Amino acid sequence: MVAPTDHGQPPRRRAVVVGAGICGLAVAGLLDRAGWRVRLLERAEGPRGAGYMIDFFGPGFGTAERIGLLPGLRRRSAPYDAVRYVDSRGRTTATLRMEALLGAAGGRYLGILRPDIEAALREWLPPGVEVVQGARVVGAEPGRLPARAGDAGVPAAAVLTDGTRIEAELLVGADGIHSAVRRAVFGPEDGFLLRLGFHAAGFVFSDPPIAARLGRDVALTDSLRRQVGLYGLPGGRVAAFAVEATGEPAAPRDPRAALRERYRGLGWMVPEVMGHVPDDVYYDVVAQALVPRWHHGRTVLAGDAAHAVSLLAGQGASLALAGAEVLAERLGAHGQDLGAGLAAYERDWRPVVGRHQAAGRRSAAFFVPPGPLSRWARRHAVRALRGGPLSRLVAHAAFATGGWRSGAPRCPPTWPAAGARATDRA
Ligand SMILES: Cc1cc2nc3c(=O)[nH]c(=O)nc-3n(C[C@H](O)[C@H](O)[C@H](O)COP(=O)(O)OP(=O)(O)OC[C@H]3O[C@@H](n4cnc5c(N)ncnc54)[C@H](O)[C@@H]3O)c2cc1C
């Protein structure tokens with residue numbers, strides 16, 4: 001069950017982490033630091049370059065500070081000055097200065113591309129972690145914990161496409177919202193995904209004239225039922241995201257064609273932008289993962305696989321990182337008692353993500369207004385952020401769970417020090 005002793009050192013327990021996204025990289029690194037022998041399995045052949053812009057703040061910001069990741073994130077972040085809503089002719093309808101948002105977040109905010117968070121984590125990753133690229137997991141066995149003294153239990157296993165079984169004392173499914181580990185151990189995806197009635201896409205392209213027109217602002221179309229957001233990046237690149245309110249249960253067969261067709265009517269520079277959609281565009285139905293139990297035997301889910309909050313809640317990356325820390329910390333606190341560590345992780349972390357998920361569901365109308373009345377309400381909320389005591393209240397509410405992209409939920413984003421019980425503090 002345990003790995004053979006290395007040169008008289010105490011045996012190291014083996015962990016297999018599935019998925020080298022933000023959560024998997026963080027879990028792998030933290031478990032290695034805690035003395036586990038870690039193998040990280042990723043289906044992509046190399047680091048995933050495709051991505052979109054992330055508003056990084058909230059619980060994961062504290063984790064990044066504590067684990068020494070923040071300098072790498074800061075170096076890669078793409079700061080901007082303001083968020084501007086624009087109409088179909090490019091006229092600004094409302095502006096939000098970045099200082100208002102940064103002030104509300106106590107300066108603890110970064111705008112950064114998702115692949116750049118992963119790049120920072122790869123740089124941070126201890127050399128002991130064995131990263132296996134091109135390893136797609138298609139099956140998993142949960143394993144069994146010891147039932148009594150003297151019983152070693154049964155190892156968990158990840159199964160690859162070629163049938164290879166990789167056994168370990170701990171199997172972590174950090175393989176995203178469409179998790180294969182979750183499917184194999186906990187049941188079919190349909191039982192766990194709550195579709196929120198939106199489709200979303202994200203991509204980065206190079207177009208220096210568009211980047212120059214955006215300058216250091218983020219521009220969002222002030223449109224109904226569909227929205228495009230554009231961030232100018234250094235080097236003439238632009239990060240784009242697109243969100244559409246639609247009841248269609250699945251992504252279109254040809255996402256590129258669908259994006260060009262459906263967003264054309266937004267005017268401004270949107271048709272030009274949609275001409276840049278790459279082959280590997282990120283496109284998915286917006287959903288939350290609501291999984292009643294995150295651990296079974298020696299297997300545990302983390303990040304989006306366990307608790308995707310959706311881009312409407314806006315803190316999935318932050319929660320993926322913070323959740324990785326809670327998992328590693330609780331396992332460490334319970335030593336050899338793996339079952340107790342897994343139970344503590346789930347008991348302490350579930351209430352925090354539950355509140356973020358609830359807020360994400362409430363904020364949909366603010367994100368993509370369904371009609372003129374909600375658009376009017378959003379414009380006024382944005383204008384209220386410009387100054388005065390009301391602005392502070394609205395900014396705090398906006399940052400509570402979703403940042404400027406989402407609605408007006410409650411609960412400031414905090415995460416407790418290691419050892420404390422996780423909770424949102426008002
Ligand atoms: C358009 C958009 C905008 C967003 N904006 C924000 C934001 O502003 N702020 C924020 O905090 N969050 C945001 N999010 C959410 C955030 O991106 C996710 O919550 C976060 O990246 C989840 O990280 P993860 O590591 O849990 O999962 P993923 O990032 O999904 O990583 C899973 C990894 O597992 C790998 N994998 C999958 N299946 C297998 C398999 N079978 N075998 C091996 N490997 C596998 C994948 O290739 C991937 O590398 C946004 C999301 C979207 C879609």
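Picking from 52, 80, 231, which is most flexible by a Gaussian network model of the chain using Cα springs under 10 Å? Highest fluctuation among the options: 80. Highest mobility in the GNM of the chain, judged by mean-square fluctuation with C-alpha springs under 10 Å and restricted to 215, 60, 21, is found for 215.
Between amide H atoms placed 1.01 Å from N, distances below 5 Å from residue 20 occur with 43, all of them 5 or more places distant or on a separate chain. Ordering 157, 313, 205 by Cα displacement along the dipole of the chain toward the positive end leaves 313 in first place; charges were set at the Cβ atoms of Lys, Arg (+1) and Asp, Glu (-1). Comparing 150, 236, 267 in a Gaussian network model of the chain where C-alpha atoms under 10 Å apart are linked, the largest mean-square fluctuation is found at 150.
Between 268, 283, 252, the Cα set farthest toward the positive side of the dipole of the chain (charges on each charged residue's Cβ, about the Cα centre) is that of 268.
Membrane-span-like helices of the chain, defined as complete DSSP H segments with a Cα extent of 24 Å or more along the helix axis and a mean Kyte hydropathy of at least 0.5, are identified as 316-333.
Assuming a ≥ b ≥ c are the square roots of the Cα gyration tensor eigenvalues, decide whether segment 288-340 counts as rounded (a/c under 1.5), prolate (otherwise, with a/b larger than b/c) or oblate. Oblate, because a/c is 1.5 or more while a/b does not exceed b/c. A simple count of charges around residue 155, restricted to other residues whose Cβ falls under 15 Å of its Cβ and scoring Lys, Arg +1 and Asp, Glu -1, yields +4. Note on residue 65 and residue 260: the model spin-label points, each 7 Å out from Cα along the C-beta direction, lie 4.7 nm apart. Just flag the trypsin sites (Lys or Arg not before Pro) in segment 287-336 sitting in loop per DSSP whose Cβ has no more than 12 other Cβ atoms within 10 Å. In loop regions of segment 287-336 (DSSP not H, G, I, E or B), the sparsely surrounded trypsin sites (Lys or Arg not before Pro) are 293. What FRET efficiency comes out for the pair residue 164/residue 102, r = Cβ-Cβ distance, R0 = 51 Å, nearest 0.05? With R0 = 51 Å, the Cβ-Cβ based efficiency is 0.60. Under 17 Å from a label point set 7 Å out along the Cα-to-Cβ vector of residue 225, the amide N atoms of segment 254-275 belong to 258-267. Each part gets one Cα centre, and for segment 221-242 versus segment 271-339 those centres are 24 Å apart. For residue 138, nonlocal amide neighbours, meaning residues 5 or more places apart or on other chains whose placed amide H falls under 5 Å from its own, are 159, 160, 161.
Each Lys and Arg contributes +1 and each Asp and Glu -1, all at the Cβ; summed about the Cα centre of the chain, the dipole is approximately 1300 debye.
Among beta bridges from DSSP that stay inside the chain, the antiparallel ones total about 70%. Amide H to amide H, with H built 1.01 Å from N, residue 52 comes under 5 Å of 114, counting only residues 5 or more places away or on other chains.
Rule-based calculations on the coordinates, nothing more; no lab input. All values derive from a computational prediction rather than experimental measurement. No Cβ is skipped: glycine too gets one built from the backbone with ideal geometry, and neighbour counts run over all protein chains shown.
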